[in-house]
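The values are calculated or read from the model by the stated rules, or taken from the named source; none is laboratory data. The model shown is predicted, which means the values in this text are computed figures rather than measured ones. Reconstructed Cβ throughout: ideal geometry from the backbone, glycine too, with neighbour counts over all protein chains shown. Surface accessibility is based on the protein's heavy atoms, side chains included, excluding ligands, DNA and RNA. Shrake-Rupley method; radii C 1.70, N 1.55, O 1.52, S 1.80 Å.
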Amino acid sequence: MGLAGHCHLWNRGAEALYGFTADEALGHMLPGLLQTTPGTLWPELQAALLATQRWHGELRHTTRAGQPILVESRQTLIAASDGQYSVLQCDRDMATRIQSVALLGAVLDALPVGVLIADADGGVLHANAAHSALWGIWPHTANWREYNQWVGYWPDTNRRIEAHEWAMSRALNMGEIITGELVVCEQFHTGQQRVFLNNAAPVRDANGAIVAGVVAELDVTDAQRAEAVLHHRSKQLLRLAQLATTINAAQPLLALMQQIVDEARALLDASWAGVSLRTDHDGAQTMVAVTLAGAYPATYGDALTAVGLGVAAAWGGRTQPLRYTASDLAAAPHWQAATREMAIVPGSWLVVPLHTHNDQVLGLIQLAVPGDESTFAADDEAVLIQLARLTTSALENQQLYAQEQAARAQAEAASRMKDDVLATVSHELRTPLTAFLGYAQLLQTRKYDDVGRARILEHMVRSAEAQARLIDDLVDGARMASGTLRLDLQLIMFSSVIQAALDIVRPAIEAKQQQLSVEIDPAADLIYGDALRLQQVVWNLLTNATKFTPTAGLIAVRLERFDHQIALSVRDSGAGISPAFLPHVFERFRQADTTATRAQQGLGLGLSIVRHIIELHGGQVEVQSDGPDQGSLFIIRMPLMRR
């Protein structure tokens, strides 16, 4: 859109988000169309864009259906070569972000330990259900640095814990990481004492500054397990809680998946871990990240990966996790083939799918331990499920980020193309007009005999005809874009159309001393078409061949019949087409050389007009070239009129 708010580009994502079609939005002031509130925000936003070229914040709009919608808006100022400004605005429904926050809350609430997350100032960001249950009704303080209502004692000395000694306070104030710290705490209102195993850590940003703190508390009052097991579980869950605050950081997909697989293996003390992702709509998956440690030597990596791919191939659309025992694995053919040479075979295999809220399976997280180690338990499965949910959320966020980047690239490309088109059109229209005016001024200021005057008038007519052809191409391009290009269909002899076009181009061919060969099959002559438009097509192809073929080069025209189709081919020995440009040959305003000093003139519309006219006749056009200086071949195919 323009800096003033006028809409210049409205993609399908905007239509889906706000309900307005492109026709309804283009040209309108977006703040008015979307009823952006508050109304005074737009001038402030403009000033911010001019100052920093970027703005990021929340806006409240109204959809076409009259529904209010809160969006996260990212706006970037783009300067065009003509000094004008455009603004790329990418909006994202805050419902997605709210869902991510809700997902994080659901993940933390599913954990069997109390988790408290506070910001750098001590303000509570989240306290999960387990934390509230541990403390009873936790105090409604605005800042958790104030620990007046917290009552706790050090178990060794029975001394009351001071405010600055609480794990969260030390993590936020001193950056301390607390692991396996036992405290005796009194529940609110009941006064009942419980023994908690506390773990805490600061969360730092990319510059190392503390931005939050995390505390994980486990009630070990009635625990019967050994201290080592309790310590391990608490560290495990704290690690998962910390991962929940960092996993959505922007990073390449493979790096993200490697982080996930490393965390999964470390969290559950597995000897092998792998992540596979879907690569097509048939459900096929590719292993994108693996890690190997513990009892398995490095030489077992390929065999274990083969087992994982076998599991993925047979998975289908299942959204529930599976735990395979040694006997389950032994019955699987892919396991037998992959582990035949392994001295230490897997004894337990845990698989958790990565699936979206609508049960679309994106991939799998798989863990393995050797046969002589303990099997995976239900708690292990629960931890891996939470990690899978975080991973799925990260993958979805990556997709949204990629879509935003693509939208920005598309807008920038459109802006550049607009500038190129305007420059090309103005240059091409000015060239014949300048020549025409120059010759007219000569007639006004000088005296010529009849021969000289005739020669100047001939040049003026040629310049006027060149400009008329350019204008005709622009008009045809506009009709193509609006779908108003019409045909006058009649039964015609295609050979006559070809000869008429050749008669027009032949002087240019002879001027460059090019060799022309023409072969016409009489059986491929009768078609149903628009003679003038088809002559325009053949003229365009022949003109291009002449223009890009050097002096004494070859041009071959052949008309053939294939079953119920005719095929017209125009081959030249000229400049050829690079592989990179070949897919764009028939696009409007596209030219292989767009520089101001290019050797050949033109708007870049001729071949797009060719394709459009041929498609209106029910035919197809294609181009072939082996590369620069290898010539080119254009082939037109159209249905033959049956006698």
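Results, tabulated for the structure shown:
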read-out: Any hit, region 514-528, residues being farther than 22 Å from Asp629 by Cα, part of a helix (DSSP H, G or I) and out of contact with any Lys or Arg (no Cβ under 6 Å at 6 or more places or on another chain); value: yes
read-out: Unique match (being within 27 Å of Gly574 (Cα to Cα) and under 46 Å from the mean Cα position of the chain (by Cα)) among Gln535, Gln499; value: Gln535
read-out: Residues that are open to solvent by 40 Å² or more (accessible area, probe 1.4 Å) and modelled with pLDDT of 80 or more, drawn from region 92-118; value: Arg92, Asp93, Pro112
read-out: Answer residue from region 377-400, given it is aliphatic (A, V, I, L, M) and more than 12 Å from Val107 (Cα to Cα) and is modelled with the lowest pLDDT among those; value: Leu400
read-out: For Ala523: the one exception among (1) closer than 19 Å to Leu640 by Cβ; (2) modelled with pLDDT of 85 or more; value: (2)
read-out: Subset of region 128-163 (residues that are at pLDDT 85 or above, of a type outside the set (Val, Ile, Thr) and open to solvent by 70 Å² or more (accessible area, probe 1.4 Å)); value: Asp156, Asn158, Arg159, Arg160, Glu162
read-out: Which listed residue is at pLDDT below 80, closer than 18 Å to Gly371 by Cβ, of a type in the set (Phe, Trp, Tyr) and crowded, with 20+ Cβ neighbours inside 10 Å, from Trp335, Trp349; value: Trp335
read-out: Near pairs, Cβ below 6 angstrom, 6+ apart or cross-chain, from region 536-562 (within 14 Å of Ala500 (Cβ to Cβ) and modelled with pLDDT of 90 or more) to any residue that is among the charged types (D, E, K, R) and not in a strand (DSSP E or B); value: Leu559/Asp521
read-out: Residue count for region 36-87, restricted to those that are outside any helix (DSSP H, G or I) and of a type in the set (A, V, I, L, M); value: 10
read-out: Among residues of region 204-237, those that are among the polar types (S, T, N, Q), under 23 Å from Asn173 (Cβ atoms) and modelled with pLDDT of 80 or more, counted; value: 1
read-out: Hey, Asp521 in contact (Cβ under 8 Å) with a residue 40 or more places away in the chain and farther than 24 Å from Val585 by Cβ or not; value: yes
read-out: Within region 531-571, tally of residues that are more than 20 Å from Gly619 (Cα to Cα), of a type in the set (Ser, Thr, Tyr) and not in a loop (DSSP other than H, G, I, E, B); value: 2
read-out: Selection from region 365-382 of residues that are of a type outside the set (Ser, Thr, Tyr), within 16 Å of Leu267 (Cβ to Cβ) and open to solvent by 10 Å² or more (accessible area, probe 1.4 Å); value: Glu373, Phe376, Ala377, Ala378, Asp379, Asp380, Glu381, Ala382
read-out: Among residues of region 478-520, those that are modelled with pLDDT under 85 and among the acidic types (Asp, Glu), counted; value: 2
read-out: Top-ranked residue of region 238-257 - restricted to ones that are within 21 Å of Asp380 (Cβ to Cβ) and in a helix (DSSP H, G or I), ranked as modelled with the highest pLDDT; value: Met257
read-out: Identity of the residue in region 161-177, free of Cβ contacts under 8 Å to residues at least 24 places away in the same chain and out of contact with any Gly (no Cβ under 7 Å at 6 or more places or on another chain), that ends up farthest from Gln242 (Cα to Cα); value: Glu162
read-out: Selection count, region 11-33, where residues are at pLDDT below 90, surrounded by fewer than 15 Cβ atoms within 10 Å (Cβ to Cβ) and either in a strand (DSSP E or B) or among the β-branched types (Val, Ile, Thr) (or both); value: 0
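Every residue, every condition in (1) among the hydrophobic types (A, V, I, L, M, F, W, C); (2) more than 24 Å from the chain's Cα centre (by Cα), yes or no:
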| residue | (1), (2) |
| --- | --- |
| His8 | no, no |
| Thr36 | no, yes |
| His61 | no, yes |
| Ser73 | no, no |
| Asp82 | no, yes |
| Ala95 | yes, no |
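Residue by residue, here is whether (1) modelled with pLDDT under 90; (2) out of contact with any strand residue (DSSP E or B) (no Cβ under 7 Å at 6 or more places or on another chain) holds:
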{"residue": "Gln565", "(1), (2)": "yes, no"}
{"residue": "Leu568", "(1), (2)": "no, no"}
{"residue": "Ser573", "(1), (2)": "no, no"}
{"residue": "Phe581", "(1), (2)": "yes, yes"}
{"residue": "His584", "(1), (2)": "yes, yes"}
{"residue": "Glu587", "(1), (2)": "yes, yes"}
{"residue": "Thr594", "(1), (2)": "yes, yes"}
{"residue": "Thr597", "(1), (2)": "yes, yes"}
